[in-house]
Structures are given as C-alpha cells and as structure tokens.
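The values are calculated or read from the model by the stated rules, or taken from the named source; none is laboratory data. If you're wondering where the values come from, they're calculated on a predicted model, not measured in any experiment. Cβ coordinates were reconstructed from backbone atoms using ideal geometry, including for glycine residues, and neighbour counts include every protein chain displayed. Accessible surface areas use protein heavy atoms only, side chains included; no ligands, DNA or RNA. Shrake-Rupley method; radii C 1.70, N 1.55, O 1.52, S 1.80 Å.
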Amino acid sequence: MGGATAYVRRSYRDRPTLTAWGPGLAHLLDALLAAGTLDRLAPAWISVPRNDLGLVTERCVIRAGGDWEWMWTGVAPPLQPGEDCLVALDDAADAEEIRRLAAAENPRFEGHPGTGESEVWLGIRDDAGDLLACGAVHRLASGAAHLAGVLVAARARRAGLGRAVSAALTRWAVDREGVCTLGMYADNDPARRLYHSLGYRTDKEWSSRVLVRVRHPS
C-alpha cells in the first residue's frame, strides 16, 4: 500500500514479529489497524525502519527492544592475516565450549551452537587449545546465507581474529551463494567498521520493539 510492505515472520526464538517498511508506512499501519489485522495476527514484536519508529508509538503501546542494522555483500573479501590459524568447529561437539565463551564475553551472542542452525563454524584456538574466536554461517528461512555468532575473547581482541573469522566465512558464503547477509546491533561501532571494511553495505537500519497492544480510537 503506497509503496509500503508488511509481513509476519517468526524469529529464531519463535516469536512472531511484524516487519514493515516503505514510503506509505503510515497509511499501511492505519489500514492494518482499521481492518483489525494487527489484533488478529497478534505479533509479539514489531520492526520498522529506525526513522519510522514514531509512526508505531503513535498507534501502539510498545516496550523496550533494540536497534539493529541489516547488511549484505556480494563480494568475497580478500584473504586476511590470521586466516591460516582458522580451524573447523563442530556445531554439536564444540557447542558447550562456544557457549562458555559467549557467556563470558557477550550476553547478546546469537550463534545458537548445538541447534543445527549453522552450516559451518570456524574458530581460532590458542597454543593450549582454548577457543579464542569463532563464527558461523546460518541458513535463514529466506534461504540466504547469514554470518552470525562472531565472537572474540577479550584477551585476544584487537589482534585481527574477528576479521579473519568474518572474512573467511563471508568468502565461504559468497563463493557458494553469491551473497552473504548479517545483522548487528546498532551500538556496536567497531563491528560496523569491520564489516564495512570487508565489503558489507548497510541496507536497512531497524528498530524492533515489544508490541504490547494497539491503540484503538476511543
């Protein structure tokens, strides 16, 4: 409607999320409200372009969520220093070790090891065999290859390990699929610089919020 699009998808946590965007977003939201569509669909979350969040707050009661960015690249990055140290990880056998690293380093980690979502894991270990960095390629419901779960231990940061993992996984995906996507939290400036330097471009900047209820006219 008016160039706007909306659809409901289920996130990796199986929560229904209404995603909507486009130049006619206000009119589309009004139409969905008037028709009772939002009440029937009852999405748990709503995601819109960051600059359009006000359109949602005018029409819905929402709670805290997050801001994030969607990126993609169709260009395989060149070989990076440190890629010779990469080792293959197993989604099942190494899952607990990956989860321990994530628990210590990043509570927002979204690699989901041990769930079968990952087609490939790569990592870097220290001389004692302990995991220093890791990352994965997931397969989205859309069919796209998706870079996820990139993580580096604090003691090994600023050594290029995240760059090596990200470049190798991106190349793996682009060589096979022609494209690789990723999502990142908007407050992670170092990650943005890294991904842009590897050839990713920011396609959309999103705001996602918990949808409590719609505001019906009194």
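Brief remarks on what is shown
- Each other residue within a Cβ distance under 9 Å of Ser207 adds +1 if Lys or Arg and -1 if Asp or Glu, for a net charge of -1.
- Cα-based helix-to-principal-axis angle, 95-105 vs the chain, degrees rounded to 10: 70
- Spin-label pair Asp187-Asp90: with each label point 7 Å from Cα along the Cα-Cβ axis, the two points sit 3.8 nm from one another.
- Helix 161-177 vs. the chain, principal-axis angle (Cα, 0 to 90°, nearest 10): 70
- Correct choice for Cα Rg over 2.2 N^0.38 Å that was computed from the model, options [x] 1.37; [y] 1.13; [z] 1.05: [y]
- Basic side chains Lys and Arg get +1 at the Cβ, acidic Asp and Glu get -1 at the Cβ, and with that the dipole of the range 14-123 about its Cα centre reaches some 680 debye.
- Acute angle (nearest 10 degrees) that the helix 25-34 long axis makes with the longest principal axis of the chain, alpha-carbon atoms: 60
- Rounded Å value of the spacing that divides the Cα centres of the range 93-149 and the range 189-218: 22
- Only Lys, Arg, Asp and Glu carry charge here, each on its Cβ (+1 for the first two, -1 for the last two); on that basis the range 151-218 has a dipole of about 220 debye about its Cα centre.
- Binning the C-alpha pair distances of the range 1-83 at 5 Å intervals from 0 yields a P(r) profile of 3, 12, 22, 23, 15, 8, 5, 6, 4, 3, 1, 0 %, listed from the shortest bin outward.
- Rounded to the nearest Hz, the phi-derived 3J(HN,Hα) couplings of the range 49-63 under the Karplus curve 6.51 cos²θ - 1.76 cosθ + 1.60 (θ = phi - 60°) are x, 3, 6, 9, 4, x, 5, 6, 5, 6, 10, 9, 8, 10, 10, where x marks glycine and proline.
- Helical contribution to [θ] at 222 nm, DSSP H n ≥ 4, -39,500 (n - 2.57), averaged over the chain, rounded to 500: -8000 deg cm²/dmol
- Taking the convex hull of Cα positions in the range 64-129, its mean projected area over all directions (nm²): 6.7
- Mean accessible surface per residue for the range 67-176, computed with a 1.4 Å probe while every protein chain stays in place, in Å²: 48
- Shape analysis of the range 137-181 places it in the oblate category; the axes a ≥ b ≥ c from the Cα gyration tensor give an a/c of at least 1.5, with a/b not above b/c.
- Length gained on full extension, Asp175 to Ala42, computed as 0.36 nm times the residue gap minus the Cα-Cα distance: 43.9 nm.
- Taken one residue at a time, the phi angles of the range 132-139 give Karplus couplings (6.51, -1.76, 1.60, θ = phi - 60°) of 9, 7, 7, x, 9, 10, 9, 10 Hz. Gly and Pro are set to x.
- Computed over the chain, relative contact order equals 29 percent, with contacts defined as Cα pairs under 8 Å that lie 6+ residues apart.
- Magnitude of the charge dipole, the range 60-218, Cβ model with Lys/Arg +1 and Asp/Glu -1, debye to 20: 800
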